[in-house]
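To keep things clear, I will list the structure first and then write my remarks on it.
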Amino acid sequence: MIRKIRIGILISGRGSNMNALVEACTDPAYPGRIVTVISNRPQAPGLALAQKAGIPTAVIDHTAFPGTAAFEENLHNHLIQNEVELICLAGFMRLLGAGFVRKWTDRIVNIHPSLLPDYPGLQPQARALADGRRESGCTVHIVTPEMDAGPILVQRRVPILPGDNTETLSARILEQEHLAYPEAVRVMAERLLKNKTANYKTEAALQKGLSMENHNVSVNPEELARARAMWKDFAHFTKYAIIVSVSILVLMAVFLL
Ligand code: GAR
């Protein structure tokens, strides 16, 4: 069986981008598989879509927590428990805190309905129309602590036509989003697969809050200590074995002479 990157998708609403990723993952050659879909809104229609596709879902309702830190800790733990290696934000309408983003450095991607760096934030389609722009589109990018500002993976452009309103433009962009997201996630998953240590002990590394930026976190300190103790035991054993062997040889020599 080919190795696939374990994807966790975060949604807040209808989940059409999530569905585009679900469909892409049905291709046996696609380098990722979706292991969990999480919504911060219990009523998100995307949850039913995911369940229909046989994907485990979870609701982590941000309003049920005393604050952002508690919500994000719970989210983090859920992702770790599911051994998620790549997080895809698909219409997830909450800004993730810098602490959370740093724990998942280079492992969160987002889709946004504008040609970033133009129109980060809310209602980018309406703002592009209001500015009289002739072109818009969508961007998939790696998430960094600054909103909608991380390295761009894929962009797709659409024209803004005379007579367009927010709905018609959003629909035109959305069609391109459904192509752009699977394309960008493929790039990310292939990148992670190429990096030999990237997928190994993600869980332990993230549990300890280590940055995965350089993917050089394959050494778990507890295992290192265990290996050192074993090596020490082995060295002791070898030393005593040599002493005993030499003593026997000396005794034999004395006895024979
Ligand atoms: C999509 O247009 C997506 O680009 C946008 O929300 C919509 C979600 O649709 N995301 C953002 O604006 C994030 N800043 P979907 O739930 O059908 O995928």
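Numbers below:
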| read-out | value |
| --- | --- |
| Selection count where residues are more than 10 Å from the chain's Cα centre (by Cα) and either within 19 Å of ARG6 (Cα to Cα) or within 14 Å of the ligand (Cβ to nearest atom) (or both), scope the stretch 84-100 | 8 |
| Count of the stretch 62-75 residues which are within 20 Å of the chain's Cα centre (by Cα) and open to solvent by 10 Å² or more (accessible area, probe 1.4 Å) | 7 |
| Selection within the stretch 147-178 - among the β-branched types (Val, Ile, Thr) and touching a His at 6+ places or on another chain (Cβ under 7 Å) | ILE152 |
| Residue list for the stretch 1-49, filter: free of Cβ contacts under 8 Å to residues at least 40 places away in the same chain and assigned to a loop (DSSP other than H, G, I, E, B) | MET1, ILE2, CYS25, THR26, ASP27, PRO28, ALA29, ARG41, PRO42, GLN43, ALA44 |
| Only one of GLN81, GLN51 that is surrounded by fewer than 17 Cβ atoms within 10 Å (Cβ to Cβ) and either at pLDDT below 95 or farther than 21 Å from PRO182 by Cβ (or both) | GLN81 |
| Test result for ARG41, at pLDDT 95 or above, closer than 23 Å to VAL140 by Cβ and either open to solvent by 60 Å² or more (accessible area, probe 1.4 Å) or in contact with a helix residue (DSSP H, G or I) (Cβ under 6 Å, 6 or more places away or on another chain) (or both) | yes |
| Test: GLY67 is within 11 Å of the ligand (Cβ to nearest atom) and more than 14 Å from ALA189 (Cα to Cα) | no |
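The values are calculated or read from the model by the stated rules, or taken from the named source; none is laboratory data. These numbers come from a predicted model, not from an experiment. Counting neighbours? That spans all protein chains shown, and the Cβs are built from the backbone with ideal geometry, glycine included. Only protein heavy atoms, including side chains, enter the accessible area calculation; ligands, DNA and RNA are left aside. Shrake-Rupley method; radii C 1.70, N 1.55, O 1.52, S 1.80 Å.
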